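Notes follow the structure.
The values are calculated or read from the model by the stated rules, or taken from the named source; none is laboratory data. Nothing here was measured: the structure is a model prediction, and the numbers come from that model. In this analysis, Cβ positions are derived from the backbone assuming ideal geometry, glycine residues included, and neighbour counts consider all displayed protein chains.
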């Protein structure tokens with residue numbers, strides 16, 4: 001009858017492990033523990049970064065919805081103003097013909113006409129902001145877009161009072177609708193130049209650069225490559241308390257202007273499913289417009305659509321204007 005093997009006790013197992021084996025076991029355990037701690041730290045940092053990105057994406061979504069609602073309100077106001085303006089312009093023209101030969105009365109008619117044109121221009125800006133924004137993207141040279149925007153602001157640079165620097169790869173491509181994007185770039189550059197002109201900065205400067213970065217644009221999707229248009233100046237900058245309001249329609253810190261320029265920029269960037277942000281350039285301000293480098297197949301119909309009521313109103317404005 002064979003004897004059964006005796007079960008080893010913990011003490012006997014430890015006795016069978018040499019000192020070197022035990023040291024190696026402790027070393028391996030320590031390394032695994034350290035690796036787990038490092039992995040935990042990396043995951044915790046990644047979760048924090050994702051949480052921050054999602055909060056930013058939700059804030060952009062909230063701001064876009066607010067702008068759409070304001071656009072609907074603005075469209076209604078514009079409708080109530082444009083028709084009377086047309087009638088006023090017609091009657092002033094008739095009145096000027098009736099007072100021909102009376103220079104003082106004719107001068108007053110001219111002043112009224114100029115005021116009507118100013119109001120009509122404001123209404124036009126309101127409609128540009130409220131209008132349904134649709135874009136037809138195509139590959140464009142980023143350098144051409146920047147050049148056109150700088151040319152649109154040439155009066156600020158021609159006398160040398162403001163220096164402009166451009167850092168754009170001549171082969172960099174952007175998948176955008178060139179017309180609206182040039183308008184957006186022009187508005188941002190003009191805004192910076194106007195701020196510099198009244199700032200008293202010794203050597204005012206505007207800088208435009210284009211690069212690429214991986215960004216998250218929605219709460220559901222991952223990071224995708226974007227082409228970023230980075231515009232900065234060395235002026236007084238934008239106070240923290242104004243950064244959330246600066247893209248609101250009708251908000252302006254200057255005595256002139258409608259406050260719609262940057263709101264229209266926001267709508268254009270939204271229509272491209274891009275992002276728009278403001279940073280402190282120390283000194284000055286930095287505005288970054290980012291556009292997806294590739295078209296998202298899930299959004300075959302690009303652009304931001306307002307409610308049908310807004311579109312109906314805008315269509316009515318144009319038909320009313322054509323019959324006035």
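Some values worked out for this structure:
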{"read-out": "Some residue of the stretch 96-104 being surrounded by 10 or more Cβ atoms within 10 Å (Cβ to Cβ), out of contact with any helix residue (DSSP H, G or I) (no Cβ under 9 Å at 6 or more places or on another chain) and at pLDDT below 85", "value": "no"}
{"read-out": "Residue 147 on the phi < 0 side of the Ramachandran plot and exposed (fewer than 12 other Cβ atoms within 10 Å of the Cβ)", "value": "no"}
{"read-out": "Filter pass, residue 125 being surrounded by 13 or more Cβ atoms within 10 Å (Cβ to Cβ), without any contact (Cβ under 8 Å) to a residue 60 or more places away in the chain and not assigned by TED's automatic domain parsing to the domain that holds residue 175", "value": "no"}
{"read-out": "Set 54, 90, 61: member being at pLDDT 80 or above and surrounded by 10 or more Cβ atoms within 10 Å (Cβ to Cβ)", "value": "90"}
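One line per residue, one yes/no per condition, for (1) assigned by TED's automatic domain parsing to the domain that holds residue 261; (2) in a helix (DSSP H, G or I); (3) over 21 Å from residue 267 (Cα atoms):
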| site | (1), (2), (3) |
| --- | --- |
| 101 | no, no, yes |
| 104 | no, yes, yes |
| 110 | no, yes, yes |
| 115 | no, yes, yes |
| 121 | no, yes, no |
| 144 | yes, yes, yes |
| 148 | yes, yes, no |
